[in-house]
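Notes to accompany the following structure.
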Amino acid sequence: MKRLDIIPMPNKVTFLGGQATVKPDEAITEISPVLGEEEYILTVEKDGIKLIGGSERALFYGRQTLSQLSGECPCVKIEDKPAFPYRGFMLDTVRHIFSLDEIKKLIDAAASVKMNVMHWHLTDDQGFRFFSARRPEAAEKGSVRKSSNFGKLEEHGEYGGYFTPEQMKEIVKYCADRFITVIPEFDIPGHTSALIHAYPELSCTGKPLEVKTCQGIFDDILCAGKDETFSAIFDILSDMLEIFPSEYIHIGGDEAPKKRWKECELCQKRMKTEGLKNEEELQGWFTNKIVDFLKANGRKAIVWNETLKSGIADSSVTVQMWMDKKKLSVDFANKGGKMINSEFFRYYCDYPYGMTPLLKTYKYNPVIKGIKDKSSVLGVESPIWTEYINNFDYLCYMCFPRFTAVAETGWTEDKNKNAADFQRRFRIYSELLEEIGIKPAPPEDWNPTVFDRLKKTGSFFSGALRRNG
């Protein structure tokens, strides 16, 4: 039977007849200006292997394919390029932090399946993990919480830590060597309890605030009426730009309650001065100031889809869609905007397989209903939030094979995908993950029965929704 055991599945495969013994190191490589930057042609024949790519990046992707063909395989010609330009994963190191070695293992796994973006969530209510030389207390004070009380996952005693500029540069370099771009996230104006703990004057009340010890959405956010708020943001972003050379910087914008802004004289004055109708427009104005700062520094902004509620978001932003009941992301895309699809019910990996089974993830088409032009969807990203994940093995169990399913959707055209064959191929590919040091979920856990799905999902939420602090 002619078949390839490769993830992601190449988009055009021609079997040439016969078998060959593949030794990846013996491949002849060539760069061709005729091919696209991520496009490659790999020919495996009895008398040798030839790999042609449109760039060094394309050759790297061809080598990932070749490495999975190592040993005996059919003689074959593979003509391949990705379905989407953006193929990413997001790692939350705020709720629980992971070592550089562990992060590198995730990067190696992502690179092996041709992912090209690592979205690094570095700031939130439960910790500020980015060290800013201009605002050092953000990390020195804001990275430490008194305890960890995420539902049933309780950890007593202080929990803290942050990444130094040298450590973050090390990850940037490690990714660059594997043609992965690191996009850092500085989440504002909400999810900023840790930053406000370090600098209480940046909130509307100016009162002391503790770093949060539990999950949730909290009322205290950055004050939009104070000029010093923007001075602090620009200082932190300036340091971020020096560490991360990425075209995009993620500036959050999700889950920002407006209670404090409604009560704040300075925020209300800012609304009147700027001619803003309501607090949602105030967030739009707030976001646009940050977007303008990034533009002035040659960068672009990614925002979560809640930012679109203002109706005045700068058209240059890229919207990351995670839960958008009003389809604002679709409207934005159809007006010429760009979006990244990280759909909550399909691509979030921090929820149990009972809620998000593998087949649900794999079969999802990111070009969602209402999108008029596929090119408005830059691509896909699978997030892993870590409120309920405090060790690397459990992180890997939750992410794999789901990360890999998203990677195949990002690379392989929908017409070339096959769920049953993907699961077969993943069983083989999992040996590569084991070599990296990643333990995926076993096959029996991927797609629970209806009864087990209800049981496991109910059990998860009964524990997750319990708050302790």
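The table below lists the values:
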| read-out | value |
| --- | --- |
| Residues of segment 328-344 that turn out to be open to solvent by 40 Å² or more (accessible area, probe 1.4 Å) and within 19 Å of Glu255 (Cβ to Cβ), as a count | 1 |
| Number of the exception - Tyr351 against (1) in contact (Cβ under 8 Å) with a residue 60 or more places away in the chain; (2) open to solvent by 20 Å² or more (accessible area, probe 1.4 Å); (3) assigned to a helix (DSSP H, G or I) | (3) |
| Residue selected from segment 217-247 under the condition open to solvent by less than 20 Å² (accessible area, probe 1.4 Å) and part of a loop (DSSP other than H, G, I, E, B), by the criterion nearest to Thr181 (Cα to Cα) | Ser246 |
| Close pairs (9 angstrom Cβ cut-off, 6 or more residues apart or separate chains): without any contact (Cβ under 8 Å) to a residue 60 or more places away in the chain and under 27 Å from Lys152 (Cα atoms) in segment 212-231, part of a strand (DSSP E or B) and of a type in the set (Asp, Glu) anywhere | none |
| Failed criterion for Glu137 (all others in (1) closer than 29 Å to Asn305 by Cα; (2) touching a helix residue (DSSP H, G or I) at 6+ places or on another chain (Cβ under 6 Å); (3) loosely packed, with under 15 Cβ neighbours inside 10 Å; (4) not small (Gly, Ala, Ser) hold) | (1) |
| Given (1) under 30 Å from Leu222 (Cα atoms); (2) crowded, with 24+ Cβ neighbours inside 10 Å; (3) without any contact (Cβ under 8 Å) to a residue 60 or more places away in the chain; (4) of a type outside the set (A, V, I, L, M), number of the condition Gly53 does not satisfy | (1) |
| Pairs, first part of a helix (DSSP H, G or I) in segment 371-389, second open to solvent by 10 Å² or more (accessible area, probe 1.4 Å) and among the β-branched types (Val, Ile, Thr), C-beta under 7 Å, six or more apart | Lys374/Val367 |
| Helices (runs of 4 or more DSSP H) contained entirely in segment 248-334, each with at least 1 residues that are farther than 18 Å from Gly225 by Cβ and either hydrophobic (A, V, I, L, M, F, W, C) or at pLDDT below 95 (or both) | 279-296, 328-334 |
| Tally of residues being open to solvent by less than 50 Å² (accessible area, probe 1.4 Å) and either in contact with a helix residue (DSSP H, G or I) (Cβ under 6 Å, 6 or more places away or on another chain) or closer than 17 Å to Ile243 by Cα (or both) across segment 140-170 | 6 |
| Residue in segment 83-98 that is of a type in the set (Val, Ile, Thr), open to solvent by less than 20 Å² (accessible area, probe 1.4 Å) and in contact (Cβ under 8 Å) with a residue 60 or more places away in the chain present | yes |
| Any hit, segment 19-28, residues being open to solvent by 20 Å² or more (accessible area, probe 1.4 Å), of a type in the set (A, V, I, L, M, F, W, C) and closer than 20 Å to Lys114 by Cα | yes |
| Any hit, segment 11-28, residues being part of a strand (DSSP E or B), modelled with pLDDT under 95 and of a type in the set (S, T, N, Q) | yes |
| Number of the condition not met by Ala58 [criteria: (1) outside any helix (DSSP H, G or I); (2) closer than 16 Å to Asn116 by Cα] | (1) |
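The values are calculated or read from the model by the stated rules, or taken from the named source; none is laboratory data. Since the model is a prediction, treat every value here as computed from it, not as a measurement. Here Cβ is always computed from backbone atoms with ideal geometry, including for glycine, and neighbour counts include all displayed protein chains. The protein model used for the area step is the full one, side chains on, heavy atoms only, and it has no ligands, DNA or RNA in it. Shrake-Rupley method; radii C 1.70, N 1.55, O 1.52, S 1.80 Å.
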